[in-house]
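The values are calculated or read from the model by the stated rules, or taken from the named source; none is laboratory data. This one's a predicted model, so the numbers in the text were calculated from it and none came from an experiment. In this analysis, Cβ positions are derived from the backbone assuming ideal geometry, glycine residues included, and neighbour counts consider all displayed protein chains. The area values use the complete protein model at the heavy-atom level, side chains included, leaving out ligands, DNA and RNA. Shrake-Rupley method; radii C 1.70, N 1.55, O 1.52, S 1.80 Å.
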Amino acid sequence: MRDSYFAETELILSPEGRIYHLDLLPEDIADTIILVGDPGRVSQITQQFEQVEFCRQHREFITQTGYFKKKHLTVISTGIGTDNMEIVCQELDALASIDLKTRLLRPQPRKLKLIRLGTCGGIQPEHDPGTLLVSAVALGLDGLSSFYQSTSCLTRLIFQPNPTGPPSFGCMGLGPMAMTLLQSPRNSISLNP
C-alpha cells in the first residue's frame, strides 16, 4: 500500500480544496452512489427523494445527495464516454481514500458502492426494447484497460459470479467502469451493488 504524499500533479484540487473535476469534498457524497450518463437524469431520480441536502454542478458533472426511503444516496452524472467515466471513478476513489488536506492516504478508506443506471444499445432478439437488464460484470473493450497493470481478476468475475449478487440475465456491460473499479489501488469501491 502506498503511504506517500500525493503531489499537486497527482491529486488536482480546486483553489477551495475540492477534487477538481467533480468539485466535491468527501462529506458531499454518500457511500452509495448512482451514476447516470445524462445530466438530466440526476433530477429525474432525486425528485423521488424525500430530501435533497446537497447539489453541485461543475461542467457536465451534476451531483445531488439526499435520502430515499431513509437511505443516504448520491446521484452523479458522468457525461458520455470512457474518459468521463474514468475521471468520475478515479475522483470518487480519491474522495474515499485520500485526506485532501494532508494529501495522504486515509488509514481506513470509506467503502463506496457505485451503481451504474443507464441505457445501452445492445439489442438482442431475446430481449425486447425496454427490457430491464442487470449486468453481472462490465468489461472495457475500448483500449483503456491497456493502461492498467493487471486484468487477472477479470477471469474470477466472469467465471465465478457472486452467488449472493443481483439477478443477471446473461448480459455483460461493456464499458470503462469495470476496469477503473477493478484497478482501484485502495479498494475503496465495491463492484456489488
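What the table shows:
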item: With every protein chain in place, segment 7-88: carbon and sulfur % of accessible area (1.4 Å); result: 48
item: Net +/- balance of residues flanking residue 71 in space, Cβ distance below 12 Å, scoring K and R +1, D and E -1; result: +1
item: Residue 108 versus residue 10: modelled label distance in nm, points set 7 Å from Cα along the beta carbon direction; result: 2.4
item: Scattering profile of segment 1-128 at q = 0.13 Å⁻¹ [log10 I(q)/I(0), Debye over alpha-carbon scatterers]; result: -0.56
item: Cβ-based net charge around residue 25, under 12 Å, with every Lys or Arg adding one and every Asp or Glu removing one; result: -3
item: Beta bridge orientation in segment 1-88: antiparallel %, DSSP, nearest 5; result: 75
item: Residue-normalised accessible area of segment 1-138, given per residue in Å² at a 1.4 Å probe; result: 57
